[in-house]
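Data block below; observations after.
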Amino acid sequence: MWKPVLAACLLLALLGCGRGDTPEQNLKNAVSHYNQKDYAEAIKFFEKAIAQEAKSAETYNKLGLAYRFRYEQTKDAKLLANEIDAFQKALKLDPKFSEAMINLGFAYDHQGDKAKAVHWFKKALALNPNPPEKAKIEKLMAEGASAHQKAGKKQPGR
């Protein structure tokens, strides 16, 4: 008698006991919290969905943005590394995902790594020459080139 009961309990556990604890539901919850600017909860649900094998470039890209906006709320530096990691994972899944490249460029620029920012902006613009952020990207690229030129002039022997 206990074997069928145990089997039923295991089946219910695997199915989430009707809680809607599926990758799809967790993604839906993540997006809902993200849209409400509740980035801490959005991060939890994105990470839960990813742990449930809902790995996609878009999911990692949104997770990276949630980390960025959560950083803006808390100034917790750990979130900056998580942001970059999420965008890199998005690009591993889809190496031609220009939106993640742009976001990675903004992340590196925010951290002061102008050279890496310019690298990712150039790659993104090669794939998508007219993103909505084009003017901002071009401005940051010009600033990055200017910073690179100034650094080159400061080196001895030049």
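The values are calculated or read from the model by the stated rules, or taken from the named source; none is laboratory data. Owing to the predicted nature of the structure, the values given are computational and were not obtained by experimental measurement. Cβ sites come from the backbone with ideal geometry, for glycine too, and all protein chains shown count toward neighbours.
Here are the numbers for this structure:
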{"read-out": "Every residue from the range 85-109 that is within 11 Å of the chain's Cα centre (by Cα), hydrophobic (A, V, I, L, M, F, W, C) and more than 22 Å from Lys134 (Cβ to Cβ)", "value": "Ala86"}
{"read-out": "Verdict on Ala40 being assigned to a helix (DSSP H, G or I), closer than 26 Å to Lys96 by Cβ, modelled with pLDDT of 95 or more and small (Gly, Ala, Ser)", "value": "no"}
{"read-out": "Enumeration of residues in the range 75-94 that are basic (Lys, Arg) and either touching a strand residue (DSSP E or B) at 6+ places or on another chain (Cβ under 8 Å) or not in a helix (DSSP H, G or I) (or both)", "value": "Lys75"}
{"read-out": "Filter result for Phe45 (at pLDDT 95 or above, part of a helix (DSSP H, G or I) and crowded, with 21+ Cβ neighbours inside 10 Å)", "value": "yes"}
{"read-out": "Any hit, the range 92-102, residues being over 25 Å from Leu140 (Cα atoms), surrounded by fewer than 17 Cβ atoms within 10 Å (Cβ to Cβ) and touching a residue at least 12 places away in the same chain (Cβ under 8 Å)", "value": "yes"}
{"read-out": "Criterion: loosely packed, with under 15 Cβ neighbours inside 10 Å, in contact with a Lys or Arg (Cβ under 9 Å, 6 or more places away or on another chain) and either assigned by TED's automatic domain parsing to the domain that holds Leu127 or not hydroxyl-bearing (Ser, Thr, Tyr) (or both) - qualifying residue of Gln25, Gln73, Gln36", "value": "Gln73"}
